[in-house]
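Since the structure comes first, as structure tokens, the remarks are kept for the end.
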Amino acid sequence: KSMEAIAAILAQAAMPHGCLAYAGDKQFVFSESGKSFLMYGRQGARFVAYGDPIGEPAEFADLCWSFVDLARRSNGKALFYEAGNQSLPLLVGLGFGLHKVGEEAVINLQDFNLSGSSFKSMRSAHNKREREGLTMTIAQPPHSDALLQELKTISTLWLGGKAGREKSFSVGRFDAAYLNHFPIALVRREDKILAFANILAPADGSRIAIDLMRYLPEAASGMMEYLFLSLIEHYRHLGARELSLGMAPLSGLSSRTVERMWSRFGRFIYRHGGAFYNFEGLRAFKQKFRPEWRPCYIAVPPGLSPTRAMAQVALLIAGGAKGLIGK
């Protein structure tokens with residue numbers, strides 16, 4: 001019943017992060033009308049809400065209150081992770097402290113123009129890869145078992161080079177039932193698939209986000225750039241307004257704090273973070289696309305340090321301590 005209600009809400013709300021509700025690793029709080037929801041996970045006594053509520057903005061305040069009360073009744077404490085500007089006044093009103101944890105890179109697709117001088121080197125690299133035989137196509141769901149099996153092989157090889165296990169909560173995970181909700185971008189050379197990414201594009205598809213992005217290790221060079229540019233051009237021509245490349249850590253925190261948080265949590269917390277060895281690398285890569293940077297926060301109750309709160313979030317994303325420290 002709850003997944004039917006979520007599908008109905010997502011069909012109306014162009015909020016890509018809401019699609020992570022399909023991952024099967026969260027619980028939900030619904031508004032009285034059933035037109036809005038908030039999703040959360042539990043890590044010990046911490047109830048961690050992910051992102052802003054989804055649905056009718058007029059219902060968000062009551063949803064946040066309901067979530068805090070739910071945690072309190074269970075002798076727990078509520079946190080809000082990756083809260084955006086829409087939720088900040090509500091969270092301040094609830095008495096939460098706000099701490100910036102990153103910035104989301106969002107591309108205004110209708111203003112993006114690859115032909116400009118600032119994109120000259122990216123354009124030439126993109127054209128070179130197309131001359132070398134790379135193509136990008138979008139496969140619509142439902143997907144065949146044969147395709148999903150081929151993608152699983154790529155995913156397994158990709159994960160083999162990363163610390164820890166498959167992540168969850170704030171990012172999608174490789175699961176056939178989950179991926180069957182989404183279009184999947186496929187990069188091929190001739191008939192061989194080299195990389196893929198599933199696309200979060202709810203409601204009218206005006207706002208979209210790249211979720212899982214995985215590629216064969218031998219095809220790593222330039223692959224993220226090629227896929228991002230191909231998706232920008234594809235969805236720009238379809239009339240979409242925004243494409244999110246996910247979060248990157250930000251320089252607004254002290255360098256010592258950011259370094260410490262990145263070394264402990266970064267590759268787990270930041271989408272596409274596993275491809276980079278430092279937070280500067282991830283941010284600099286996304287900056288090449290000239291995005292708008294939108295701040296994201298963790299909201300913590302009085303008496304809880306943001307670093308402790310981030311540790312709880314990292315454990316939730318990693319699936320426990322074993323996932324955080326290694327395979």
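Residues of the range 216-234 that are farther than 13 Å from Leu134 by Cα and either of a type in the set (Phe, Trp, Tyr) or open to solvent by less than 20 Å² (accessible area, probe 1.4 Å) (or both): Leu216, Phe228, Leu231, Ile232. Report yes if some residue within the range 59-75 is assigned to a strand (DSSP E or B), charged (D, E, K, R) and open to solvent by 40 Å² or more (accessible area, probe 1.4 Å); otherwise report no. The answer is no, given that none of the residues of the range 59-75 is assigned to a strand (DSSP E or B), charged (D, E, K, R) and open to solvent by 40 Å² or more (accessible area, probe 1.4 Å).
Restricting the range 296-320 to residues that are part of a loop (DSSP other than H, G, I, E, B) and not hydroxyl-bearing (Ser, Thr, Tyr), the residue that is farthest from Tyr50 (Cα to Cα) is Gly303. Does Lys120 qualify as being more than 18 Å from the chain's Cα centre (by Cα), over 24 Å from Ala23 (Cβ atoms), at pLDDT below 90 and open to solvent by 10 Å² or more (accessible area, probe 1.4 Å)? The answer is yes for Lys120. Evaluate the following for Asn113: is it free of Cβ contacts under 8 Å to residues at least 24 places away in the same chain and open to solvent by 10 Å² or more (accessible area, probe 1.4 Å)? When the stated conditions are applied, Asn113 passes them. Of the set (1) open to solvent by 10 Å² or more (accessible area, probe 1.4 Å); (2) in contact (Cβ under 8 Å) with a residue 60 or more places away in the chain, all apply to Glu190 but (2). Within the range 3-44, the set of residues being open to solvent by 50 Å² or more (accessible area, probe 1.4 Å) and more than 16 Å from the chain's Cα centre (by Cα) comprises Met3, Glu4, Ala8, Ala11, Gln12, Gln27, Phe30, Glu32, Ser33, Lys35, Arg42, Gly44. Within the range 26-55, residues that are on the phi > 0 side of the Ramachandran plot reach partners that are not in a loop (DSSP other than H, G, I, E, B) with beta carbons closer than 6 Å, at six or more positions or on different chains, in the pairs Gly34/Ala5; Gly51/His17; Gly51/Glu82; Gly55/Ile9.
In summary, His181 fulfils each of the numbered conditions (1) over 30 Å from Asn113 (Cβ atoms); (2) part of a loop (DSSP other than H, G, I, E, B); (3) open to solvent by less than 50 Å² (accessible area, probe 1.4 Å) with the single exception of condition (3).
The values are calculated or read from the model by the stated rules, or taken from the named source; none is laboratory data. These numbers were taken from a predicted model, which means no experiment stands behind them. A quick note on method: Cβ atoms are made from the backbone with ideal geometry, for glycine too, and the neighbour counts reach across all protein chains shown. SASA here: full protein model, heavy atoms, side chains in, ligands and nucleic acids out. Shrake-Rupley method; radii C 1.70, N 1.55, O 1.52, S 1.80 Å.
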